[in-house]
1. With 10 angstrom as the radius, rank 24, 13 by how many other C-beta atoms surround their C-beta, starting from the fewest.
2. Once the dipole of the chain is set up with Lys and Arg at +1 and Asp and Glu at -1 on Cβ about the Cα centre, which of 47, 71, 37 lies farthest towards its positive end?
3. Only loop residues by DSSP count here, and only those with at most 10 other Cβ atoms within 10 Å; note down the trypsin sites (Lys or Arg not before Pro) in the chain that meet that.
4. Under the definition of Cα pairs under 8 Å and six or more residues apart, what whole-number percent is the relative contact order of the chain?
5. Between 0 and 90 degrees, rounded to the nearest ten: what's the tilt of helix 52-73 against the longest Cα principal axis of the chain?
6. Would you please name the chymotrypsin sites (Phe, Trp or Tyr not before Pro) within the chain that are DSSP coil residues with at most 14 other C-beta atoms within 10 Å of their C-beta?
7. Can you tell me how the chain classifies by the Cα gyration tensor, rounded, prolate or oblate, using a/c under 1.5 as the rounded cut?
8. Under a Cβ-Cβ cut-off of 11 Å, what is the net charge of the residues other than residue 3 that fall near it, where Lys and Arg count +1 and Asp and Glu count -1?
Amino acid sequence: MPGYRLKQAVQFDVINEDNPLFIDGEKYTTGLKTSVFIEVEGAAHYLPAYAGNLDIMTSAALACGDHFAKNLKN
């Protein structure tokens with residue numbers, strides 16, 4: 001995807017049974033936790049280019065709203 005930069009190496013953490021991870025609203029779990037840190041540059045249509053994360057959140061919220069609205073009609 002254009003407009004993003006990896007800020008540091010991808011991090012992998014093994015979550016084992018003697019120290020499980022609690023996922024809010026779910027349960028304790030084990031496995032591989034992956035963390036990716038990026039910097040996003042937005043399209044700068046309505047927000048400044050440095051506010052790319054807000055562009056992504058706004059687009060995601062719009063997509064969710066459209067999805068919920070379509071399901072209300074059915």
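Read-outs throughout are calculated quantities, based only on the coordinates presented, and are distinct from any laboratory measurement. Since we're looking at a predicted model, the values are computed, not measured. Cβ sites come from the backbone with ideal geometry, for glycine too, and all protein chains shown count toward neighbours.
1. On the way: 24 4, 13 11.
The most exposed by this proxy come first: 24, 13.
2. It is 71.
3. Values: sites: 5, 7, 27, 33, 70, 73; in loops: 7, 27.
Passing both the DSSP loop test and the Cβ count: 7, 27.
4. Values: 81 pairs, mean separation 18.7, N = 74.
So the answer I get is 25 percent.
5. Between helix and principal axis, roughly 80 degrees.
6. 37, 46
7. Working: a/c = 3.76, a/b = 1.30, b/c = 2.89.
It comes out oblate by the Cα gyration axes.
8. On the way: positive: 5; negative: 39, 41, 55.
Surrounding charge for residue 3 is -2.
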